[in-house]
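Every read-out reported here was derived from the displayed coordinates using simple, explicitly stated rules and does not represent laboratory data. The shown structure was predicted, so the numbers you read here are calculated from the model rather than taken from an experiment. For neighbour counting, all protein chains shown are included, and Cβ atoms are generated from backbone atoms with ideal geometry for every residue, glycine included.
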Amino acid sequence: KDDVFNSNMNNYFMNKLSNIIYNSFNWIPYIRGNKNSGKNVRKEIVDKIKNNNNILIFPEGTSTRDGPPKKFYNGVFEICEENKFKLIPIAFYCYPNIGVRRGDKINLRNDLKKNPILHIHFFKNINNNYIKSNEMNELAHKLITDKINEIIDAKSIYI
């Protein structure tokens with residue numbers, strides 16, 4: 001979202017740092033609720049992938065601070081189906097929970113004091129030559145949700 005690093009930043013240093021991070025990761029900004037922005041994002045995603053770049057997308061449309069992801073939006077899966085792009089689901093889970101919910105103030109210092117452990121699991125790519133976008137969506141969501149639930153169930157190991 002285009003406002004991730006602009007909202008809730010009331011500190012000059014944090015604003016500068018967030019702009020460096022935003023630009024370094026080559027993020028594609030999306031303006032919430034703006035259909036033209038959505039069309040531009042789709043085009044930019046296709047262009048980047050066709051130019052041998054990888055794209056990391058959080059298809060929930062928001063972040064989930066704790067627990068498994070919410071239902072995914074279908075846009076990225078439609079792009080994959082239409083263009084026969086590889087789709088590699090990735091499960092991210094951070095323990096203890098860090099981050100913010102929409103409207104919360106960003107406090108990176110407090111998050112880092114928790115000494116978080118980041119779990120990342122890469123799945124095999126989904127063969128999207130024979131699968132429709134809604135089926136890709138359901139499969140990716142199930143794989144990621146099952147893995148995150150597995151991590152949550154086992155997190156007592158890290159306490």
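What is the sum of charges around K84, taking Lys and Arg as +1, Asp and Glu as -1, for the other residues whose C-beta is under 14 Å from the C-beta of K84? Computed value for this residue: 0. Determine the alpha carbon to alpha carbon distance for each of K39/K114; K16/K113; K35/K114; K39/K147; K48/K114 and list only those over 28 Å. From K39/K114; K16/K113; K35/K114; K39/K147; K48/K114, over 28 Å: K39/K114; K35/K114; K39/K147; K48/K114. Taking a Cβ cut-off of under 9 Å around E60, the surrounding Lys, Arg, Asp and Glu residues balance to a net charge of +2, with basic ones at +1 and acidic ones at -1.
Can you list the chymotrypsin sites (Phe, Trp or Tyr not before Pro) in segment 106-148 that are in a DSSP coil and have 10 or fewer other beta carbons within 10 angstrom? List each step's numbers first, then the result.
Details: sites: F122, F123, Y130; in loops: F123, Y130.
The qualifying sites are Y130.
The simple Förster model, with R0 at 25 Å and r as the Cβ-Cβ distance, assigns N83 and F58 a FRET efficiency of 0.80.
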